Each structure stands twice: as C-alpha cells, then as structure tokens.
Amino acid sequence: MKMEAKGTWTVKKGFAEMFKNGVIMDVTNPEQAKIAQDAGATAVMALERVPADIRKEGGVARMAKIGLIKEIMESVTIPVMAKARIGHIAEAKILEAIGVDFIDESEVLTPADDKYHIDKRIFTVPFVCGARNLGEAVRRIAEGAAMIRTKGEAGTGNIIEAVKHMRTVNEEVRKAQMMNDAELVHYGKEIGAPVEILSQVRELGRLPVVNFAAGGVATPADAALMMMLGCDGVFVGSGIFKSKDPARMAKAIVEAVSHYENAEALAEISENVGDAMDGLEIETLEVRMEERGW
Amino acid sequence: MKIGVLGIQGAIQEHLSILRKTGVEPSWVKNRKELDSVEALVMPGGESTTMIKLLKRFEMWEILRNRIEDGMPVLATCAGMILLSRKIENVVNQDSLGVLDISVKRNGYGRQINSFEVDLQIDEIGPEPFRAVFIRAPKIESISGEVRVLTSYDGSPVLVRQGNVLAASFHPELTGDLRIHRYFLKMAEAAEKRIKECAE
C-alpha cells in the first residue's frame with residue numbers, strides 16, 4: 001500500500017479535468033466573485049484589473065494584492081485561481097503559500113523573464129498557461145503546466161485570435177497524427193516541442209491535458225464557437241464584467257457552454273443578454289499580449 | 001442495459017471513456033429526454049454549485065430525484081456525491097437531492113494544495129489496493145439509515161453504498177482502474193434483473 005501523495009501529476013491534471021464543460025471567470029472583488037459563482041462559474045480568476053482595463057491604463061501589470069485574493073477566496077466555495085507574471089517564480093511561490101487553487105502564468109501580466117517560464121513541476125499547486133500553437137502548448141506541458149488555454153488576445157472582446165490559436169493547435173495535432181517516428185522527431189525539432197509529449201499527442205489525437213479557450217470571449221455565441229472547435233471549456237476575462245448586465249451575461253455564457261451543440265437552446269440563451277463589452281480591432285492594438293511568452 | 005453519464009459539467013468524458021473500456025456503450029445525458037431513456041446513471045465530478053444550477057435551469061433536478069428514488073442505479077463521484085447527499089454541513093443555501101443518507105462537508109480535505117492520492121483497501125472489488133484520487137474532495141461527516149461503508153480513509157467513509165446508490169468522495173475515473181465501474185455495472189445488472197423478475 002502506497003502512502004498519501006500530494007501535488008502529483010495525476011492530482012494536478014485531474015483537478016483541471018473537473019473544470020471541463022464549464023466557464024472560469026475573471027473577477028476583481030468579492031462581489032463579482034459571488035455573481036460569478038451564482039451564475040454557475042466552475043472557478044474564478046482573482047485579479048486587480050480585467051485585461052480590458054490593463055490594456056487601457058497601461059503600466060506594469062503584476063500579481064494581484066494578496067489581501068484582495070484572500071478576500072475573494074473567503075467569499076466563494078468554488079476554486080480560486082490567480083495570475084503570476086511569466087517567469088516570476090516568487091509571485092508563484094507566494095500564491096501557492098496563500099493556498100490559491102490554480103496559478104495562471106499569464107501573458108496578460110507584464111512578463112518578468114524574457115527567456116524562461118516558471119519550472120512548474122516543483123510546485124504542489126497546478127498551473128495553466130497560454131499557447132498559440134502546438135509547440136508552445138507542448139513546451140508549457142513539459143515545464144509542468146497541467147492545463148493549457150489559447151492565448152487569444154485578452155481584453156479585446158474580439159474572438160479571432162482565440163479561434164486562430166485553437167485552429168492552429170487542432171491542425172498541428174492532426175499533422176502529428178499522420179507522422180511516423182522519424183518524422184515526429186523532426187517535427188518536434190521544428191516546432192520546439194519535446195518528442196515524448198508529442199508522441200502522447202499523436203496517440204491521443206489531442207493535448208494530454210485539458211485545453212480551454214481564452215482571450216476575446218464576449219458573448220454566449222463566442223463561447224459556443226470555441227466549444228465547437230473542440231475546447232474543453234472557456235475562460236471569460238473582461239467579457240462578463242465589462243458587459244451591460246454581468247449577472248445575466250455570466251449565466252448565459254455558462255448555459256451556452258453546456259449546450260453549445262443545440263442551436264435552438266443557444267438562440268434562447270442569447271436572447272436578452274444585453275450589450276456585450278465594446279470590442280477592439282486587432283490591427284489597432286498597441287500591445288499584443290499574445291506575443292509575450294516563448 | 002442503457003448506461004448514461006450525467007453530462008452537464010465536469011469530468012464527463014473520463015467516465016464515458018472508462019465505461020467504454022469495460023465494454024459498455026454509455027450515452028451522454030444532457031436533457032430530460034435523455035435522462036428518461038437511461039437505466040443507470042453515473043454522476044461525475046466537477047463543480048457541484050454549477051451542476052445544481054444547470055440541472056434546475058434545464059428542469060432535470062426533480063426528474064433526477066424521482067428516478068433515483070424509484071431505484072435507478074447511480075454511481076456518484078465527488079461533486080456527484082455532494083448532489084446526492086442528505087445534508088451539506090458547511091455551506092448554507094446549497095440544495096441537494098437528499099437521496100443518500102450521508103452528511104458531507106464540502107472541500108472537507110482542504111483546498112487544491114491538500115488534494116492527494118492514496119491506496120485504499122476495498123474488499124468488495126478484490127485484494128489489490130485501489131489508487132484513489134481526492135481533489136478538493138467532500139468529506140463524509142456522518143452516515144445514517146441503510147448506508148453501508150465499503151471503505152474509509154483517515155477515519156471517514158470514502159466509498160459508500162445505499163441500495164442502488166454507490167458514492168465515492170474520490171475519482172475512480174482518473175486512474176484507469178476499472179474495478180469500481182465494473183462493481184457498479186454488476187450492481188446495476190442485478191437491479192435490472194430484480195425488476196424483470198418482479199414484472200414477471
């Protein structure tokens with residue numbers, strides 16, 4: 001009989017499985033966290049400013065204040081995630097110490113390291129990371145990420161980048177599935193992906209961890225679109241609390257993710273949700289958050 | 001026999017895939033009609049608050065309760081077990097189906113950093129230990145009525161059975177060990193046989 005073990009790969013990866021077919025929402029205070037929980041969110045992401053505001057206000061975006069994260073943790077029973085800057089090992093250690101349930105090593109914050117991501121394998125707490133393609137996703141998994149999400153382009157309310165990233169991963173997974181061993185080694189070299197994890201991808205026909213959509217989801221239809229493309233669930237950042245009626249929008253997006261393949265249900269869900277957040281054209285952006293991370 | 005996995009939110013695909021490995025063809029149960037059509041049901045882990053809200057919104061809550069009270073065999077894991085419980089100790093205003101005579105404490109083993117895996121001895125499924133994964137798991141605080149404890153960990157029951165209901169605070173769908181699902185299928189087949197005999 002083996003002893004009790006914490007922070008194992010099974011425990012980390014298994015936790016991410018529990019979020020599937022659900023919606024994780026960005027919140028900036030306990031009131032918003034409660035609205036998200038009441039709407040049926042499977043987790044909340046605690047941060048100081050939603051991406052749309054980070055974009056507008058500029059400056060260096062860091063891990064949220066510890067007091068705020070703790071208040072949010074005390075206000076809800078669902079899991080609470082928080083963001084650390086790319087490569088900021090100390091921020092991640094602090095978030096783990098206060099008992100956050102999941103850490104997002106996120107390009108939405110200003111990166112702290114221009115070369116290295118956090119070695120996530122040494123942590124007990126699981127991590128989620130953004131990716132634009134299969135190589136990036138597999139590198140993050142190799143570093144210990146137990147969950148992947150598309151980067152999309154956060155804070156824009158524009159879904160095109162998330163779609164591009166999901167489509168790219170799907171395309172590259174299918175490409176890998178057609179390859180023999182020699183070709184796969186070469187492909188791994190080409191896209192900068194360790195071949196051991198790439199073989200798992202080839203065998204499974206998907207990433208070996210849960211893969212969510214993020215970055216630009218603003219309506220129930222956007223969320224349903226990402227599910228149709230094969231995502232396991234959806235992160236909504238600015239899309240909820242920058243909309244006209246956050247409680248209603250949150251509820252509608254949760255319902256849309258659960259019933260994405262039923263067009264009649266989606267029509268009903270999409271009716272009367274109120275105005276979505278204002279959107280931005282990607283070409284007009286000064287900062288492309290998706291380009292952060294390596 | 002038609003086996004379904006309640007497919008509202010959570011680790012639905014994991015249960016479907018492990019059931020397929022035992023040789024059955026399970027279906028994804030998403031609405032009232034699909035719930036009516038299955039003869040046994042697996043209630044997966046996930047977020048219990050999310051599942052309760054959506055089951056009510058899609059008008060499946062009462063039907064689910066009625067089906068279980070009428071004897072439909074159910075395997076419930078983690079959040080699924082919270083949904084079945086008689087009482088939730090530490091969260092006010094969280095509804096439950098009240099069909100299983102246990103009271104649970106949500107996240108009773110702590111937050112994610114305290115989540116763990118451990119070997120359990122479960123005599124009913126054989127002598128080999130079962131690797132059980134506990135993720136922000138509910139803790140069974142007390143049992144009453146006809147509830148039978150199949151195994152305990154650290155002083156609390158973690159796998160219980162009451163009639164046709166089998167409930168675990170851990171995740172048998174995450175380790176590839178088919179024995180708990182096989183045990184459930186046997187339980188469901190026996191229930192079906194009894195119903196047929198009664199009908200005759």
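The values are calculated or read from the model by the stated rules, or taken from the named source; none is laboratory data. None of these values were measured; they are calculated from a predicted model. Here the Cβ positions follow ideal geometry from the backbone for every residue, glycine too, while neighbour counts run over all protein chains shown.
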Counted residues, segment B:127-171 - those being within 14 Å of chain A (Cβ to nearest Cβ) and outside any strand (DSSP E or B): 12
From the set of residues in segment A:255-275 that are β-branched (Val, Ile, Thr) and part of a helix (DSSP H, G or I), which is surrounded by the fewest Cβ atoms within 10 Å (Cβ to Cβ)? A:269
Index of the failed condition, residue B:143 passing every other in (1) touching a strand residue (DSSP E or B) at 6+ places or on another chain (Cβ under 7 Å); (2) aliphatic (A, V, I, L, M); (3) surrounded by 23 or more Cβ atoms within 10 Å (Cβ to Cβ): (3)
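Do we have residue A:195 as farther than 29 Å from residue A:79 by Cα, among the β-branched types (Val, Ile, Thr) and modelled with pLDDT of 95 or more here?
yes
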Check every one of the helices (runs of 4 or more DSSP H) wholly within segment A:1-114 and list those with 1 or more residues that are facing another protein chain (nearest Cβ under 10 Å) and out of contact with any Asp or Glu (no Cβ under 9 Å at 6 or more places or on another chain). A:9-17, A:30-39, A:89-97
Tell me the strands (runs of 3 or more DSSP E) entirely within segment A:140-239 that contain at least 1 residues that are more than 18 Å from residue A:26 (Cα to Cα). A:210-213
Name the residues in segment B:65-110 that are more than 9 Å from residue B:167 (Cβ to Cβ), within 13 Å of chain A (Cβ to nearest Cβ) and assigned to a helix (DSSP H, G or I), would you? B:79, B:82
Going by the structure shown, is residue A:103 at pLDDT 95 or above and under 19 Å from the mean Cα position of the chain (by Cα)? yes
What is the one condition in (1) touching an Asp or Glu at 6+ places or on another chain (Cβ under 8 Å); (2) surrounded by fewer than 24 Cβ atoms within 10 Å (Cβ to Cβ); (3) assigned to a loop (DSSP other than H, G, I, E, B) that residue A:121 does not satisfy? (3)
Residue pairs meeting the criteria (Cβ under 6 Å; at least 6 apart or on separate chains; first in contact (Cβ under 8 Å) with a residue 40 or more places away in the chain, in segment A:267-293; second of a type in the set (Ser, Thr, Tyr) and exposed (fewer than 12 other Cβ atoms within 10 Å of the Cβ)): none
Only one of A:127, A:123 is within 12 Å of chain B (Cβ to nearest Cβ), touching a residue at least 12 places away in the same chain (Cβ under 8 Å) and under 16 Å from the mean Cα position of the chain (by Cα), namely A:127
In the set B:131, B:86, B:106, the lone residue that is among the charged types (D, E, K, R), over 16 Å from the mean Cα position of the chain (by Cα) and surrounded by fewer than 24 Cβ atoms within 10 Å (Cβ to Cβ) is B:131
Residue B:24 passes all but one of (1) surrounded by fewer than 18 Cβ atoms within 10 Å (Cβ to Cβ); (2) under 26 Å from residue A:74 (Cα atoms); which number fails? (2)
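Does residue B:50 qualify as being under 25 Å from residue B:182 (Cα atoms), polar (S, T, N, Q) and within 12 Å of chain A (Cβ to nearest Cβ)?
So residue B:50 does not fit the description; no.
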By residue number, the members of segment A:239-269 that are more than 28 Å from residue A:206 (Cβ to Cβ) and more than 14 Å from every other protein chain (Cβ to nearest Cβ) are A:241, A:242, A:243, A:244, A:245, A:246, A:249, A:267
Might you let me know whether segment A:91-100 holds any residue that is over 18 Å from the mean Cα position of the chain (by Cα) and farther than 16 Å from residue A:125 by Cα? no
